[in-house]
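Notes to accompany the following structure.
The values are calculated or read from the model by the stated rules, or taken from the named source; none is laboratory data. Remember, predicted model here, so these are calculated numbers, not experimental data. We place every Cβ from the backbone using ideal geometry, glycine too, and count neighbours over all the protein chains shown.
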């Protein structure tokens, strides 16, 4: 096992910063042997890659923009950061291998792909790789290497990607061959019994993995000869073209700020504005063998005996063909054709510099041939393809001599900046508006000699086909490449793969189809389609599928009823669908087309109508239905808000989507809703922090009528028993009822056609789920997902620093060991938290006051990397069973009339003393954690409405301190205004029940479930964090049948007081200390759950107090987080928000870090930093102070 893990840094060289971004992404087609399954093949590939990474650990790193304080920093400088693993004996088992498993639709087999010649249009390339290699994000870190094994019956489409700055296509071939050799060696290790436990890594070519070798040898070689100012003109031009430089001169007066005015510098011949929109549209060209043979024969007849290659012929054919078509189109448009045509072809310089570098050097060593010919000559019918090929070869031979390469490298190495003012991404000048072409030719990469193991794959283990990956949009230049703020227009397409639904609606009409990229989402497990109307009156439904149940094409969406008049897009999971399916068949003769659980939504709606059909749904979901018969649109969200749904109206069109960013390409312009931020109504009800964006509330449905009227109705709400009713059931009876419902909720959520894992913390909730899952699998024979019954259950845990007071991984590991589960741990150190922060905010679409959200976001990478799509999660237990420490004062707020026989109900003075003590304990804890609650002075009528609620409501009404807002906002609303918005979000029956009928504990639980649960816990700690990595989390404790049962359980069984409670080992954390006199020490939270799950957990967990999931709040000055927030919280960024005071932020930033840091200031920095990220990623204009009150 690994004994030590350190972060290593590789400073990237000049060629790495101008690497063409389309070469190192490829698809390899591998056939599977008849007796080999997907899992066995994936295991072989994964183990081979693990061994490869052990030899070249930087392959498992990320490419970042280098921080300013790094040695040798220059603007735009890139570096690789990776974990250097020092072995303590044997192989490391802790590596996170960047390889994922994906099962493609089974409708197409590998044999059919082979017979069809491995066509390009069967699968979308963007669905074949889990990362976005064509749009690397160097600020957050771009994966150096990524791979995905995409399986179809009988074969595998292995997608590979190396970040362009990290390596080139030749290096990717070397890495792939090393990987393949390791896969092949697995059979030898298996057969060689003496090798057991002592596997030998394959030998590497000398210097092959030394990523710094190029700059070292090139610097020495450059120093060995003089760079003459009188360098021959044509050779100087060659050297400029070789690295894409358009000019060479001394620094101008405008460039003296760079600090290099005395040195030569390189600038572009064209300004950035001239080419920033010139994104190239890549295509893949396949040339049939007969055509290639004919061209070679023609070449031989014209230039027999020359060194013109087959690649030259193909490039000549493509260049001439494209330009002839281009000139024909431009001529029809009467546009200027220009006089010359330019061709750019990257080439590998390893053969030219073989005496300086190892043959298998794994870095970038690509230069670029540039050839210019008269346009009329090139496009003339009289000009033959062999003649053009000869020109390409002659030009390449002239340019690619060693002195020119060294000269080019030296020029590039002297550039003071690597951003868009001084370095142009190669071929970015090849614009769609000029007759220029860039050709990337991977046919020179001989993958056919690569063997991944004949014991697993057909064709002797060799690939049957190879091609580059291509996507519809692959910009060769991006403003994000330099040391600049993100480009908000390109950030829309940066959305991670998630299941989603969207609607663009006016009224019904005929249906058509288009790809859902048009609504800002990206494809996942199926080619996404959207159903729409014609151009006159439009309605469109779009969906990106994450296939969980019924992986066949019959599960693809949009869904349609059996008569074709009802259409829907559904995300989430519907449980008990088999029983409902049988009911629809028996009672209504409904004809289902597949076995997807989502299809039951359409069937139930057709047969029961809205809102009655919603009563039958059990699960987590959000969906949109279009009823062609009535012209109505119905959208609904599950009872607790596990799945999100937002809506807005833009240009008289109703738009619905699970993520706000989906509205950006549909005409929506984001504006801050500062009223909602100040009032905190963005965390309750339907308001958000963007003007005009509405949240469909949990348990609600929306009905859009053909007349244009939009209605919202509630179909379900939390409810609790009348506090005056005396309980007649025995305690054991209630415990058994709870146990049965919890087991049932878990059992239903084990069903999937993909692997299912478990998030395991050190707490009661997740441990109970793991224990029950093990019980169901081993004792009841219930299958968990697609796993074999003999396979170990997998669980996933996050690990903070051991001395932070926030880490629970030790007890989680003990629990996993007790249950016999396979444990996977995500280590979240400061560097990881800083790396994920901005992406976390972007995917969550909200700011945060705790880094626990970043931890959860990063944790969700882990199961996906291990091939899991579904995870059981413990969210909701504290809401349903009363688990939070701040519920204790509420429990003690009044007697529990339902259980008069209990000791606490018979001693009124004791209850009151405990309550006063509990309130003080919680306030002290809030201050310690930096989550300082606002003490509200409110109107008497609001106090009456609250009926004694204090803790959770006060906690929820102040995210940002009011003195952070500009004075115009500070003075606009009172505390009563803030509280009134919170109460207004409750249903009218609930408000009445809180005043008269519910125990205070139940009222507090209701209030919490209407603000923090759906609008923070189930978003930032739930769906958003998980779906950012295409993970579906299933929270059994939020099963509505279980919640309805718990509504009738007395408060005193949720919070239990008694002499036997003193044995509870609280441990030490932010919230509890076993060494202090705390009122809650004798009160067991979630007591009835403890008793119900006691047979499935350890005694340690049974006795353990609630430790809320929170991240550390103390961080050092100068560390990655301090650097991050220093960059985010600048005066310019704060003033760009338009509603936050710079002086308040500046003060907090000074005291938020260091040994004596202020936790409250740290949380304020988190909140404002999140607002800055949202402002930049969404492109939000500064807020106006002229907004009207929303009350």
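Residues that are within 30 Å of residue 217 (Cβ to Cβ) and crowded, with 17+ Cβ neighbours inside 10 Å were ranked within the range 378-395; the one that is modelled with the lowest pLDDT is 395. Taking helices (runs of 4 or more DSSP H) as the structural unit, those lying wholly within the range 1095-1147 and holding at least 3 residues that are under 20 Å from residue 965 (Cα atoms) correspond to 1120-1128, 1131-1137. Scanning the range 1139-1146 turns up one or more residues that are in contact (Cβ under 8 Å) with a residue 60 or more places away in the chain and closer than 20 Å to residue 688 by Cα.
Looking for something touching a helix residue (DSSP H, G or I) at 6+ places or on another chain (Cβ under 6 Å), touching a residue at least 12 places away in the same chain (Cβ under 8 Å) and surrounded by fewer than 22 Cβ atoms within 10 Å (Cβ to Cβ) - is there at least one such residue anywhere in the range 614-629? Yes, the range 614-629 has at least one match.
Take residue 900 and decide whether it is modelled with pLDDT of 90 or more and either in a loop (DSSP other than H, G, I, E, B) or out of contact with any helix residue (DSSP H, G or I) (no Cβ under 7 Å at 6 or more places or on another chain) (or both).
Working: modelled with pLDDT of 90 or more: no; either in a loop (DSSP other than H, G, I, E, B) or out of contact with any helix residue (DSSP H, G or I) (no Cβ under 7 Å at 6 or more places or on another chain) (or both): yes.
It is false that residue 900 is modelled with pLDDT of 90 or more and either in a loop (DSSP other than H, G, I, E, B) or out of contact with any helix residue (DSSP H, G or I) (no Cβ under 7 Å at 6 or more places or on another chain) (or both).
Does residue 605 fit the bill of being in a helix (DSSP H, G or I), buried (at least 17 other Cβ atoms within 10 Å of the Cβ), modelled with pLDDT of 95 or more and touching a strand residue (DSSP E or B) at 6+ places or on another chain (Cβ under 9 Å)? Considered against the rule, which asks whether it is in a helix (DSSP H, G or I), buried (at least 17 other Cβ atoms within 10 Å of the Cβ), modelled with pLDDT of 95 or more and touching a strand residue (DSSP E or B) at 6+ places or on another chain (Cβ under 9 Å), residue 605 comes out as yes.
Which members of the range 640-666 meet the condition of being more than 25 Å from the chain's Cα centre (by Cα) and either buried (at least 19 other Cβ atoms within 10 Å of the Cβ) or outside the structural domain of residue 612 (by TED's automatic domain parsing) (or both)? Within the range 640-666, just 654 meets the criteria.
Given the criteria out of contact with any helix residue (DSSP H, G or I) (no Cβ under 9 Å at 6 or more places or on another chain), buried (at least 17 other Cβ atoms within 10 Å of the Cβ) and either assigned by TED's automatic domain parsing to the domain that holds residue 1094 or within 20 Å of residue 1032 (Cβ to Cβ) (or both), does residue 746 qualify? If you could, list the steps in order and put the result at the bottom.
Numbers: out of contact with any helix residue (DSSP H, G or I) (no Cβ under 9 Å at 6 or more places or on another chain): no; buried (at least 17 other Cβ atoms within 10 Å of the Cβ): yes; either assigned by TED's automatic domain parsing to the domain that holds residue 1094 or within 20 Å of residue 1032 (Cβ to Cβ) (or both): yes.
It is false that residue 746 is out of contact with any helix residue (DSSP H, G or I) (no Cβ under 9 Å at 6 or more places or on another chain), buried (at least 17 other Cβ atoms within 10 Å of the Cβ) and either assigned by TED's automatic domain parsing to the domain that holds residue 1094 or within 20 Å of residue 1032 (Cβ to Cβ) (or both).
Applying the set (1) free of Cβ contacts under 8 Å to residues at least 40 places away in the same chain; (2) part of a strand (DSSP E or B) to residue 758 leaves exactly one unmet item: (1). Of the residues screened, residue 772 is one that is surrounded by 20 or more Cβ atoms within 10 Å (Cβ to Cβ), over 26 Å from the mean Cα position of the chain (by Cα) and within 23 Å of residue 1102 (Cα to Cα).
Checking each residue in the range 948-966 for being modelled with pLDDT of 55 or more and either surrounded by 18 or more Cβ atoms within 10 Å (Cβ to Cβ) or out of contact with any helix residue (DSSP H, G or I) (no Cβ under 8 Å at 6 or more places or on another chain) (or both) picks out 949, 950, 951, 953, 954, 964, 965, 966. Before we move on, is residue 1068 farther than 24 Å from residue 943 by Cβ and at pLDDT 95 or above? Considered against the rule, which asks whether it is farther than 24 Å from residue 943 by Cβ and at pLDDT 95 or above, residue 1068 comes out as no.
If you take the residues in the range 863-886 that are in a helix (DSSP H, G or I) and over 19 Å from residue 852 (Cβ atoms), which one is nearest to the chain's Cα centre (by Cα)?
864
For residue 737, the conditions (1) at pLDDT below 95; (2) surrounded by fewer than 20 Cβ atoms within 10 Å (Cβ to Cβ); (3) over 20 Å from residue 601 (Cα atoms) all hold with the exception of (1). Among the residues of the range 667-678, the one identified as under 24 Å from the mean Cα position of the chain (by Cα) and within 13 Å of residue 694 (Cβ to Cβ) is 668.
Residues that are in a loop (DSSP other than H, G, I, E, B) and under 26 Å from residue 691 (Cβ atoms): does the range 621-641 have at least one? Within the range 621-641 (the criterion being in a loop (DSSP other than H, G, I, E, B) and under 26 Å from residue 691 (Cβ atoms)), the answer is yes, since at least one residue qualifies.
Would the range 705-725 turn up any residue that is in a strand (DSSP E or B) and crowded, with 22+ Cβ neighbours inside 10 Å? No.
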